[in-house]
Amino acid sequence: MSDQEKNALEAYDGSQIQVLEGLEAVRKRPGMYIGSTSASGLHHLVYEIVDNAIDEALAGFCKHITVTINPGNSITVTDDGRGIPVDIQPQTGRPALEVVYTVLHAGGKFGGGGYKVSGGLHGVGASVVNALSEWLQVRVHKNGQIYQMRFSRGDITQEMTVVGKTDHTGTEVTFQPDPEMFDTLEYDYEVLRTRMREEAFLNAGLTITITDRREEEPVSHTMCYEGGIREFAAWWNRNKTPLHDDVIYMSGSKGDASAEIAIQYNDGYNELIQSFANDVHTPEGGMHETGFKAALTRVLNAYGVKYGIIKGEDKVSGEDCREGITAIISVKLTDAQFEGQTKAKLGNAYIRTLVDSIVNDQLSTYLEEHPQTAKILLDKAMTANRAREAARKARDSIRRKTALGGAAMPDKLRDCNESDPSLTEIYIVEGDSAGGSATQGRDSRFQAILPLWGKMLNVEKAREDKVIGNDKLQPVITALGAGIGEDFDLNKLRYHKVVIMADADVDGSHIRTLLLTFFFRFMRPLIENGYVYAAMPPLFKLVRGKTTRYAFSEPERDKISAELRGDNANAKVDISRNKGLGEMDPHELWETTMDPERRTLKRITLDDASRADEIFTLLMGEKVEPRREYIEVNARKAQNLDY
Ligand code: 1YM
């Protein structure tokens, strides 16, 4: 920032605040302002307050932000910036601090003359949090004084008052979300930590400390990344094997807009592009991603042709160029337009041109200066290209076989009679003996059984052509009937419930993980549309006399045991731990695990695909150390592996 700009910012005081709307609107329709009143809305409150502190950091005045979850789930956010202005705002005759917290859309963000960059999507700010808080207290350290103000549900309960002296500047906000407004009041430390980590990566040099004080022993993490998004890209690859040591970093700006890009390839086959606009994640992509992809493909092809690596017609596709890529794209702009279903896509067309030209120029230069890395990337793209060709042939052959008719169904499949997919289920069962019980126990009108056995291919390490050709997975692909990879077509799916039935032991969780990895990588719409389930066999069987009951957890076991005893405390209740699916007789398996009236099915969701990618990579990838660490840390949870 130039000195002139700094002076302009310092001169900016309460006078620029604009008054737009009342706060009752927020309490009437909270969803309009924070998306929802579920857990996501609850967490959103924190982001709103933190956004203001981050803006202060972007303006160059704040170095350290803290976020604390207090006992009782109130939240405290502090920063060491200039402190919210406390002078009287001429338009309203009220202190600026009061206006910021009581008037909707108040704040420099909307005047255009204040901060250069704003979150756009999130700009609704402090007053919204105030309106939705049972109580809120803000303290401003400024001019050697501590100014304090308190509110309840948006109404002032304490006018701005000087409560003490101070030797520094900054803002401290504590709020208690209003139980009348939210479905849940329980903050999730990991959710907040993930978001704060992201903010720390996106704002190089900013320190963020997050602390959970709800338990006797506080938990705390301090994050500061001098390398910014370079470190972010390396962090995503931390459990993978990078193909080049240094992260490729590019940046540039035009007018008010700026962009940074960081790239590091790994030896895997997946594409991970995380893009942000004004620190807001844009999972649906948009113009910044489009510009990036176009330039990446162009530059790699141009380099390949120039040095005779790519010949004539053998150009590599965009997908080939992105195999194994981890890329972070972060753009900042004053007039961000968020589009799409969830407002998670950046629409400003000039950003495409900006990112394209940065990548075009700087990646070309990088490749010229790093011929070894250039060769690795070109080789990777060309191998991807050949594999894609092989996969296409393999898919074609599957398609031809399927087109020839029913003969193509796998031998092991015990199909059902019903043919309307919306009414049918397929149980993919671990092991032949469990498969046998399931086949006998099922309702063959609508339930199909496909047994799988033995050690399966680790799909994390295999390309699509290998996966299609694999003798364990081919029956799954054929039975589901919807193809694989880019050919995958939900309309052709033969069963609308795909149930993975495996034991609750280590082998079971291994096969479950393998299948889920496979679905995640090659049939993602299956998970996204909620067609995949895990069967939940009971953990305990309780018998008293002629009565048999099943329990799915230890607390439930104890509860049922007490129920069976009734008034008779000494009655004998036989409790056994279920050993495995294979040891249940067909009737038992039906009763406890397959009967739609009585079973528990757990739907597998992927509300955060990148997190799933992380866990899959950790569990399935090549590095042993992080996997062991993960298993150790999650040893307690591992008993019922949770996706
Ligand atoms: C823990 C939350 O809100 N920090 C914060 C907010 C502001 C300022 C500094 C600030 C901004 C400006 C000048 C300016 C805000 N000020 C306003 C408004 N932390 C937190 N720190 N001086 C201080 O915009 O130029 C809104 S937010 F509108 F009053 F200027």
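Taken together, the values in this text are just the output of simple stated rules run on the coordinates, not laboratory data. As the structure is a computational prediction, the values presented were derived from the model and not from experiment. In this analysis, Cβ positions are derived from the backbone assuming ideal geometry, glycine residues included, and neighbour counts consider all displayed protein chains.
Odds and ends about this structure:
- Over the range 442-585, relative contact order from alpha-carbon pairs under 8 Å, at least 6 apart, %: 17 percent
- Less than 5 angstrom separates the built amide H of Asn578 from those of Phe540, Lys541, all sequence-distant by 5 or more or on a different chain.
- Computed from the Cβ-Cβ distance with R0 of 35 Å, the FRET efficiency linking Thr92 to Glu215 stands at 0.20.
- Cross-link pairs Lys412/Lys492; Lys412/Lys466; Lys28/Lys142; Lys572/Lys602; Lys63/Lys165; Lys345/Lys375 - those with Cα-Cα distance over 30 Å: Lys28/Lys142; Lys572/Lys602; Lys345/Lys375
- Packing, taken as the mean count of other beta carbons within 10 Å per residue, orders the peptides 530-543, 564-577, 485-498 from highest to lowest as 530-543, 485-498, 564-577.
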